[in-house]
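Below is the structure I would like to discuss, written out as structure tokens.
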Amino acid sequence: QPKLSPCVSKSIAYITKNLSIQLSATDLSKYAFVSKSTLEKCFRRELGFSVHEYIFDAVMLKASELLRNSSMTIRDISESLGFCDQFYFSNQFKKKFRKSSMMRTSSLRNLRLNSLPLPRRTESIKSE
């Protein structure tokens, strides 16, 4: 497994600790003390994703976990992940997984994390 650059490692740790759809490459570049363009280049080269794609996938993974493993409402989940509108969250979730977040079916609950289209470094975005 290739070693990640300090700016990517630092950014992933920050994303994991402060998971929100509101995070931006600009926020992370300030935290990692690099330019936004440098951070974007490093993410693409090392992970194969833009910063935005990585954040979005991490947020959607967490949403999926919360839908399957908690009694939180759609509204609570969307707010906890930084969405201002639960309907926008629902639409984004549906686009990502081709399922409605309103469908709390056994198939959604049984979704395996390994089958989800996630950033390559999935071990880095697990919640603590």
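The values are calculated or read from the model by the stated rules, or taken from the named source; none is laboratory data. Not measured: the values here are computed from a predicted model. With ideal geometry, Cβ positions are generated from the backbone for all residues, glycine too; neighbour counts draw on all protein chains shown. Please note that ligands, DNA and RNA were not included when accessible areas were found on the heavy atoms of the full protein model with its side chains. Shrake-Rupley method; radii C 1.70, N 1.55, O 1.52, S 1.80 Å.
For segment 17-26, enumerate the residues that are under 13 Å from Ala58 (Cβ atoms), out of contact with any Leu (no Cβ under 8 Å at 6 or more places or on another chain) and open to solvent by 30 Å² or more (accessible area, probe 1.4 Å).
Lys17, Asn18, Gln22
For segment 1-49, enumerate the residues that are touching a helix residue (DSSP H, G or I) at 6+ places or on another chain (Cβ under 6 Å), closer than 23 Å to Glu65 by Cβ and free of Cβ contacts under 8 Å to residues at least 24 places away in the same chain.
Across segment 1-49, the qualifying residues are Tyr14, Leu28.
Listed here are the residues, each with its yes/no results for (1) modelled with pLDDT of 90 or more; (2) hydroxyl-bearing (Ser, Thr, Tyr); (3) in contact with a strand residue (DSSP E or B) (Cβ under 9 Å, 6 or more places away or on another chain); (4) assigned to a helix (DSSP H, G or I).
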position: Ile21; (1), (2), (3), (4): yes, no, no, no
position: Thr26; (1), (2), (3), (4): yes, yes, no, yes
position: Cys42; (1), (2), (3), (4): yes, no, no, yes
position: Ile55; (1), (2), (3), (4): yes, no, no, yes
position: Glu79; (1), (2), (3), (4): yes, no, no, yes
position: Met102; (1), (2), (3), (4): no, no, no, no
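Every residue in segment 57-88 that is free of Cβ contacts under 8 Å to residues at least 60 places away in the same chain, open to solvent by less than 10 Å² (accessible area, probe 1.4 Å) and in contact with a Leu (Cβ under 7 Å, 6 or more places away or on another chain), please.
Val59, Ala63, Ser64, Leu67, Ile77
Go through the residues of segment 28-40 one by one and say whether even a single one is within 17 Å of the chain's Cα centre (by Cα), aromatic (Phe, Trp, Tyr) and assigned to a helix (DSSP H, G or I).
Scanning segment 28-40 turns up no residue that is within 17 Å of the chain's Cα centre (by Cα), aromatic (Phe, Trp, Tyr) and assigned to a helix (DSSP H, G or I).
State all residues of segment 27-56 that are within 20 Å of Lys96 (Cβ to Cβ) and open to solvent by less than 60 Å² (accessible area, probe 1.4 Å); if no residue qualifies, say none.
Correct list: Phe43, Leu47, Gly48, Phe49, Ser50, Val51, Tyr54, Ile55, Phe56.
Just checking, how many residues over segment 27-51 are touching a Ser or Thr at 6+ places or on another chain (Cβ under 7 Å), among the hydrophobic types (A, V, I, L, M, F, W, C) and farther than 22 Å from Lys62 by Cα?
Adding up the residues that qualify gives 3.
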